[in-house]
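Values quoted throughout were computed directly from the atomic coordinates according to the rules given, and no laboratory measurement underlies them. Just so we're clear, the structure is a prediction, and the values are computed from it rather than from any experiment. Neighbour counts are summed over all protein chains in view; Cβ atoms, including those assigned to glycine, are modelled from backbone coordinates with ideal geometry.
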Amino acid sequence: MTSKVWHMGNRSTSPNTSYVASMVELFEAAGFQEMIKPHDVVAIKLHCGEWNNTAYLRPVYARALADKIKSLGGRPFVTDTTTLTYNPNPGRSTELDMRITAERNGYTSEALGCPFIVADGWSGTDDVRIDLPEGYILKEAFIAKAIAHADVLIALTHFKGHPLGVVGGSLKNLGIGAQSKRGKHNVHMGGHPKYGLGAATEFHPERCKGKNECPMWERCNNCCPYGLFHVKDDTVEWEREKCTGCLAHLGVNLGCGVFNLPKEPLEMLHPAIADACLATVNAVGKGKVGFINMAIDISPWCDCVNYADTPLVPNLGVFASQDPVALDKACLDKVGESHGTPGSQAEDIGVADPGVKKLETAAAIMPGMSEEAQINTGELIGLGSKEYELVKVTPSLEKFYGFTEDTRSIGPRFKNLYEKEDPFPRDRYDGQGFKRADDVDYEKVK
Amino acid sequence: MSQGLDNLDAILENSHRIAQAIEGLEGASLSDELQALQESAEQLEGLRDKFFMKTVAAVPATKGCLTGSEKVLKAMETFKDDQGEESLMTLKRGLKDLSENVGELLEKAQMAGTTLT
């Protein structure tokens, strides 16, 4: 079956081709307004950006979407979920931390015109368990409650690369982003007897310099929320059988050689993401989930990191579909077709030419990881289709995408104000207003 | 084997050839450079088992060192042929650049601030 993916391109040359207008146009073209009935509670799921990340979506996109949903009678809220403690200084791992980071990144009720809600609650366990017999590896998933209980879900996704997932698209926005913290442990194979970090990590305590020589030993000793690392004078002990796969130690002690990660367990994240995305769609309801990919600022790594590298490729525009598999596949194909950005990781790795796969070569943490595995799994489990028809949407010239608060012409809008306080000082210099030279040589300063 | 490890092998091979060439060199004293090169090679050998070497990030970092080592080998041949002052300066500059490249690689291999999500 072929799914439709609607697309508006990367160039903006008028208000009607702005990325905000494109997003709203595609919302309509893809039929998302048909999903929303008056009084429906509509979750807008996005990534609010880690502390000091700068590639995450600007809040204006969510605002415009919220306004659109309100115009249809819906009750929107913008939402994200607490994260695993995947770096030494996580900024979104509790509701309190996430709200602080989200607000710093501009995700306030004032900016959004609707509430920002942390969907899995204070500590990340406010969720709904979903059975998933059709899952490829996951047989159950834990969906953040505010998302699972929404009447309609719009996944507003920043399409980019991802170190472990390889692709950070719609599948991942829900496959990781809509899972509670509990659910993220599940998707990251926490506790799995074969693929979990505790089981699969190569551990070399003999390489540890210990308290005697390692200046970072305290950081290593304290990196685990369960206290499973015990640095000794000249080695380290790890209670690996208790490891939950929270990822906390990876940001601390991968560089010293004590830990080494095989590729295969990390790759299992890809089918798990597709499974968990399907669980999210099942929780909200088929036909009640719309997907929008903003393929802009396509950084190699995701918005979860505290920085944003030069985009791998130039902006590709906006894409929308009711099929997340087709949507991610369309964006992935466009990334491959594109020239790499000069000076980016794509150029460093030597994959900047058009027609060369860029995410699995320049975004994946390890060579040989697949940029297709999420998508292939998604098709295999019935979430969607890899076959798509790309429908180019022409911007509507009839619609108004200017300032909406007062749409009158300039004359009536400003006449009264200027009569009260004229910004031009007509009473100065015989009506010229300002003191300036009569004539100068512009050629001299060219 | 990853491309980073392939590059590392090639760097170490080139370093070995450079060290041998320096030892057999007439008309120039490069003992400090030789010592620095041998220390670098030892440190690079220590990277072999680190996770970093399996990553995509290791590719450009090792490629920089590999290119640097190839430039030194070329400069070495030129100096052997002409024994000129300018060639010696090019060779010394190449060795200094290689040492800086290795320093950058060793720093990146610490993976400070790397976040896997």
When chain B is treated as a Gaussian network with springs between alpha carbons less than 10 Å apart, the largest mean-square fluctuation among B:Ala75, B:Ala57, B:Ala19 is found at B:Ala57
In a solvent-free Debye calculation with one equal scatterer on each Cα, what is log10 I(q)/I(0) for the protein assembly as shown at q = 0.11 Å⁻¹, listed in the order of the q values?
-> -0.99
When DSSP beta bridges are limited to those with both residues in the protein assembly as shown, what percentage is antiparallel, rounded to the nearest 5?
-> 50 percent
Where Lys and Arg each count +1 and Asp and Glu each count -1, what net charge lies around A:Cys246 among other residues with Cβ under 10 Å from its Cβ?
-> +2
Rounded to whole Å and sorted largest first, what semi-axes of the equivalent ellipsoid does the C-alpha gyration tensor of chain B yield via the square root of 5 times each eigenvalue?
-> 29, 12, 12
Report relative contact order for segment B:3-110 in percent, whole number only (criteria: Cα-Cα under 8 Å, sequence separation at least 6).
-> 38 percent
Among B:Val72, B:Phe52, B:Thr90 the positive-end extreme of the charge dipole of segment B:3-110 (Cβ point charges) = B:Phe52
Length added when fully stretched, A:Ser385-A:Arg428, from 0.36 nm per residue minus Cα-Cα | 8.5 nm
Value of relative contact order over segment A:7-90, rounded to a whole percent, pairs C-alpha under 8 Å and six or more apart | 32 percent
Along the charge dipole of chain A, Cβ charges K/R +1 and D/E -1, which of A:Trp6, A:Met23, A:His249 sits furthest on the positive end?
-> A:Met23
To the nearest Å, what is the center-to-center distance of segment A:70-131 and segment A:1-58, using C-alpha atoms only?
-> 19 Å
Across peptide B:46-57, how many C-beta atoms of other chains are within 10 Å of each residue C-beta, on average?
-> 6
If we count every other residue with Cβ under 9 angstrom of A:Leu261's Cβ, Lys/Arg +1 and Asp/Glu -1, where does the sum land?
-> +1
Hand me the trypsin sites (Lys or Arg not before Pro) from segment A:165-270 located in a DSSP loop with no more than 14 other Cβ atoms within 10 Å, in residue order please.
-> A:Lys194, A:Lys232
All other residues with a Cβ under 9 Å from the Cβ of A:Gly210 taken together, and with Lys, Arg as +1 and Asp, Glu as -1, what is their net charge?
-> 0
Post the alpha-carbon centroid distance, segment A:168-211 to segment A:397-436, in whole angstrom.
-> 59 Å
Partner chain coverage, peptide A:250-257 - average Cβ within 10 angstrom = 6
In segment A:219-326, which GluC sites (Glu not before Pro) fall in coil by DSSP and have 16 or fewer other Cβ atoms within 10 Å?
-> A:Glu239
Can you pull out the trypsin sites (Lys or Arg not before Pro) in segment A:1-99 that DSSP calls coil and that have at most 12 other Cβ atoms within 10 Å?
-> A:Arg11
Enumerate lysine pairs in segment B:3-110 that are 8 or more residues apart or on different chains, then count those whose Cα atoms are under 16 Å apart.
-> 11
